[in-house]
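Peer 1: The structure's right below; bear with me while I get my questions together.
The values are calculated or read from the model by the stated rules, or taken from the named source; none is laboratory data. Only a predicted model underlies this, so the values are computations on that prediction, with no experimental measurement involved. FYI the Cβ positions are ideal-geometry reconstructions off the backbone, even for glycines, and counts take in every protein chain you see.
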């Protein structure tokens, strides 16, 4: 189990998804904060100082890959998990993720909460 000092910033434009993921991570022992846009996430990240960013790829305005780029520059030790509901996007998402200096975990929606928690724990233990 990960210590509660580990903070995960969850970003999805679907409020139900973001709030549900936040609850899942809180029950998994994390401190979590849900945001509903990349812009909102950038604002809150500066106060929250996330250890892990979990975000949707396809969002209105700034997408999840752009957000990962921004967060990786401001918080170089942050780890990243991205979610996509579009299987046709996987190749592009993988290409973009390969350009990020930190490893980026990629999951397709829907995914099992236990798989997300397992990957998050593994990424943070090896941080």
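Peer 1: Within the range 1-11, identify whether any single residue is touching a strand residue (DSSP E or B) at 6+ places or on another chain (Cβ under 9 Å), farther than 17 Å from residue 77 by Cβ, surrounded by fewer than 18 Cβ atoms within 10 Å (Cβ to Cβ) and at pLDDT below 95, and answer yes or no.
Peer 2: yes
Peer 1: Check off (1) modelled with pLDDT of 95 or more; (2) in contact with a strand residue (DSSP E or B) (Cβ under 8 Å, 6 or more places away or on another chain) for residue 16 and give me the number that stays unchecked.
Peer 2: Of (1) modelled with pLDDT of 95 or more; (2) in contact with a strand residue (DSSP E or B) (Cβ under 8 Å, 6 or more places away or on another chain), only one is false for residue 16: (2).
Peer 1: Could you check, for the range 21-31, whether at least one of its residues is out of contact with any helix residue (DSSP H, G or I) (no Cβ under 8 Å at 6 or more places or on another chain), surrounded by 19 or more Cβ atoms within 10 Å (Cβ to Cβ) and more than 17 Å from residue 125 (Cα to Cα)?
Peer 2: yes
Peer 1: Now for a different question. Taking only pairs six or more apart or across chains, which ones have beta-carbon atoms under 9 Å, a first residue in the range 95-114 that is closer than 15 Å to residue 10 by Cβ, and a second residue that is at pLDDT below 80?
Peer 2: 105/97; 109/85; 109/86
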